Amino acid sequence: MPKMKTKSSAKKRFSVRAGGSIKRGQAFKRHILTKKTTKNKRHLRGAVGVNERDVASVRAMMPYA
């Protein structure tokens, strides 16, 4: 059996934490920041976990993570 490939887009966007949860970056923080409030941009800082509904599809894209 050949090895399964990891999706290149998924390995750039997600990382698996030590406890097994999957970490992702926040969206809506790249450009057009002048019309967004300071509070909104502050809450978009940092990383968050992937929603439990999407964990199965992310794990399918990253078979060895």
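Legend: ranking of residues F28, F14 from fewest to most surrounding C-beta atoms inside 10 Å; resulting order F28, F14.
Between Q26 and R59, how high is the FRET efficiency from 1/(1 + (r/R0)^6) when r is the Cβ-Cβ distance and R₀ = 30 Å? Nearest 0.05. E(calc), rounded to 0.05, equals 0.90. The largest-to-smallest principal axis extents of the Cα set in the chain are 52, 23, 19 Å.
Each value in this text was obtained by applying a stated rule to the coordinates, not by laboratory testing. Just so you know, these numbers come straight off a predicted model, no measurement behind them. Neighbour counts run over all protein chains shown; Cβ positions are idealised from the backbone, glycine included.
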